[in-house]
1. Which of Glu174, Glu165, Glu322 moves most in a GNM of the chain, Cα contacts under 10 Å?
2. Rounded to the nearest percent, how much of the accessible area of the stretch 277-370 (1.4 Å probe, protein heavy atoms only) is carbon and sulfur?
3. For the stretch 31-145, just list the percent of Cα-Cα distances falling in each 5 Å bin from zero outward, please.
4. For Ala62 and Asp298, compute 0.36 nm times the residue count separating them, minus their Cα-Cα distance, and round to one decimal in nm.
5. If the viscosity is 0.692 mPa s and the temperature 37 °C, what translational diffusion coefficient in µm²/s does Stokes-Einstein give for the stretch 41-104 when Rh comes from Kirkwood over Cα pairs?
6. Enter the angle in degrees (range 0 to 90, nearest 10) between the Cα long axis of helix 258-267 and the first principal axis of the Cα atoms of the chain, meaning the one along which they spread out most.
7. Taking the Cα centre of the chain as origin, work out the dipole magnitude from +1 charges on Lys and Arg Cβ and -1 charges on Asp and Glu Cβ, in debye rounded to 20.
8. Just order 191-204, 110-123 by mean Cβ neighbour count inside 10 Å, highest at the front, would you?
Amino acid sequence: MAMQTGLIFHPYMRPDRTARQTFEWGVQSSIAGDKAGFDSMMISEHASQIWENIPAPELIIAASALHTKTIKFAPMAHILPHHNPTKLAMTVGWLSQILEGRYFMGIGAGAYPLASYMHGIRGDDQKTEHLNEMVRESLDIMERIWKREPFFFEGKYWDAGFPEEEIAVTEEDEQHKLANYSPWGGSFPEFAVTGFSANSPSMKLAGERNFKPVSIYSGLDALKRHWEIYAEANIKAGFTPDRQRHAVSQTVFVGDTDAAAKKEVMEGPIGYCFNRYLIPIWRRFGMMDGFAKDAGIDPLKADLEFLVDKVFVVGSPDTVVEKISTLFEKCGGWGTLQIESHDYYDDPSPWFHSLELAAKEVAPRIKLPGAVERASGTAKVAA
């Protein structure tokens with residue numbers, strides 16, 4: 001089966017952009033992706049970052065639903081420690097019904113300390129172990145809300161319940177029945193989890209729960225390790241790891257020629273974002289280390305041109321096919337290339353042309369080595 005293409009909308013908008021411009025760019029991007037044949041669009045949730053200013057991805061998803069036909073949407077991700085689980089379960093269920101099956105749910109524990117602080121989480125409570133505990137409790141509550149069976153739960157972080165519904169005897173009783181906010185189709189939505197660090201605990205959670213794993217590309221070794229962690233946990237939980245479900249988020253730009261593509265990235269919005277925002281962050285938090293290790297250089301010497309030449313997937317369709325195929329050979333492949341969106345609000349044409357080429361000239365030529373990887377004879381396919 002051929003690789004699929006998706007967008008991941010962080011959205012890396014310049015700090016002077018208004019909320020309206022960010023919102024419009026999200027909807028415009030969804031329409032372009034849908035027309036190009038993209039399979040999915042993931043929209044980030046960030047409460048504190050001025051470059052990534054979307055506190056409510058569900059608003060862009062709802063607006064985009066009216067202007068698209070086939071593309072699927074996911075928040076990527078709702079930060080579960082920052083939400084009341086009951087309220088989020090109702091919002092997600094309702095949005096899933098609005099999209100009539102074109103919805104899946106990305107979840108996360110939170111990566112930005114300032115965002116956690118804004119939601120009352122500070123000090124040692126911001127440690128990964130504590131946040132992951134909150135994620136698990138939140139998931140349990142949401143799943144119980146969607147079952148619509150009576151319960152009351154007094155948890156470590158939240159209390160929640162679902163009331164027992166009385167049988168309607170008269171027409172007046174019918175008016176007071178409980179609204180159904182279960183996801184579309186009566187089953188839980190597919191969940192997706194992102195991971196960045198080499199030993200990402202999110203990949204373990206994804207494997208245990210049979211969620212969709214989404215790797216934020218941070219070097220070849222980390223990418224391979226993500227699959228190992230996910231597959232091991234998935235098998236242990238009684239499932240069969242399927243590379244078709246694995247998505248990899250990467251910086252991609254496809255141009256008519258190699259030279260044109262590199263020039264656009266170096267001099268355009270992508271280069272602007274990396275020089276002003278992402279490269280300093282990556283150096284500060286050690287996020288450049290995996291890329292530097294792959295190339296055998298000092299992380300401090302990894303500049304924009306190094307990233308364009310050695311890390312990003314940039315070039316003509318033929319070159320991009322070659323680069324991705326080489327990665328497939330080294331890591332085993334993945335099902336969806338989740339292309340990271342950038343701020344082309346002022347002139348969308350180069351970006352939309354790149355998306356068209358990626359979906360129509362690149363993806364159909366890249367085949368998975370094997371759609372399903374069966375790692376043990378006792379593993380079973382998830383229902």
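1. Comparing Glu174, Glu165, Glu322 in a Gaussian network model of the chain, the most mobile one is Glu174.
2. On the way: 2130 of 4160 Å².
The value for the stretch 277-370 is 51 percent carbon and sulfur by accessible area.
3. 2, 12, 21, 21, 19, 13, 8, 4, 1, 0
4. Values: separation 236, 0.36 × 236 = 84.96 nm, distance 4.44 nm.
Gain on extension, Ala62 to Asp298, equals 80.5 nm.
5. Working: Rh = 12.2 Å.
For these conditions, the coefficient is 270 µm²/s.
6. Once rounded, the angle reads 70 degrees.
7. Working: 39 positive and 51 negative charges, 197 e Å.
Dipole size: approximately 940 debye.
8. Numbers: 191-204: 21.6, 110-123: 15.0.
The peptides rank, most packed first, as 191-204, 110-123.
The values are calculated or read from the model by the stated rules, or taken from the named source; none is laboratory data. On a predicted model such as this, the values are computed, not experimentally measured, just so you know. Reconstructed Cβ throughout: ideal geometry from the backbone, glycine too, with neighbour counts over all protein chains shown. Ligands, DNA and RNA are stripped out before the accessible areas are found, and what is left, the full protein with its side chains, is counted by its heavy atoms. Shrake-Rupley method; radii C 1.70, N 1.55, O 1.52, S 1.80 Å.
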